[in-house]
Amino acid sequence: MPRVVFEGQAEPVEADASAGDALVDLCDERRAIVAFSCRSASCGTCRIDILEGAGLLEPPLDQELELLEIFGDDPGRRRLACQARLAAGEGRLRVRPSQD
């Protein structure tokens, strides 16, 4: 079971996750400070930096890839929290809201 750590606030927020869990839901449940607007991969408000454990996320789908490309983001280092889902596996995924 992956452990997700949301950084970028005074105290990191942590959550255990299961394969298929959406980061957007974990953010809501744990009140992590990741900004959301559209929740449908059309605005980029929820871009997050992957600090550790990128392999614990399922590969991005076309809609997410298209928006990341518009921003010039590397999907291995930055994702949309509204679209990212946890893959099966053990380990730690560390993320923070995008700095730019």
Scope the range 13-34; condition part of a loop (DSSP other than H, G, I, E, B) and surrounded by 13 or more Cβ atoms within 10 Å (Cβ to Cβ); matching residues
Ala17, Ala19, Asp21, Ala32, Ile33, Val34
Take Ala88 and decide whether it is touching a strand residue (DSSP E or B) at 6+ places or on another chain (Cβ under 9 Å), among the small types (Gly, Ala, Ser) and surrounded by 20 or more Cβ atoms within 10 Å (Cβ to Cβ).
no
Which of the residues belonging to the range 35-53 are under 24 Å from Glu90 (Cβ atoms), buried (at least 18 other Cβ atoms within 10 Å of the Cβ) and hydrophobic (A, V, I, L, M, F, W, C)?
Ile48, Ile50
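Considering only residues of the range 67-85 that are under 16 Å from Glu52 (Cα atoms), of a type outside the set (A, V, I, L, M, F, W, C) and touching a residue at least 12 places away in the same chain (Cβ under 8 Å), which is surrounded by the fewest Cβ atoms within 10 Å (Cβ to Cβ)?
Among them, the one singled out is Gly76.
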The range 1-12 - residue that is closer than 13 Å to Leu93 by Cα and part of a loop (DSSP other than H, G, I, E, B) and, of those, farthest from the chain's Cα centre (by Cα):
Met1
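Among what's in the range 37-52 and is over 13 Å from Ala84 (Cα atoms) and not in a strand (DSSP E or B), pick the residue that is nearest to the chain's Cα centre (by Cα). Give the derivation first.
To start, the set of residues in the range 37-52 that are over 13 Å from Ala84 (Cα atoms) comprises 37-38, 42-43, 45, 51-52.
Of the ones still in play, those that are also not in a strand (DSSP E or B) are 37-38, 42-43, 45.
Details: Ser37: 14, Cys38: 15, Ser42: 15, Cys43: 15, Thr45: 12 Å.
By that ranking, first place goes to Thr45.
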Only residues that are aliphatic (A, V, I, L, M) and in contact with a Pro (Cβ under 9 Å, 6 or more places away or on another chain): list them for the range 58-87, please.
Leu65, Leu68, Leu80, Ala81, Ala84, Leu86, Ala87
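Read-outs throughout are calculated quantities, based only on the coordinates presented, and are distinct from any laboratory measurement. Since the structure is predicted, the reported quantities are computational estimates derived from the model, not experimental observations. Glycine also receives a Cβ, built like all others from the backbone with ideal geometry; neighbour counts cover every protein chain displayed.
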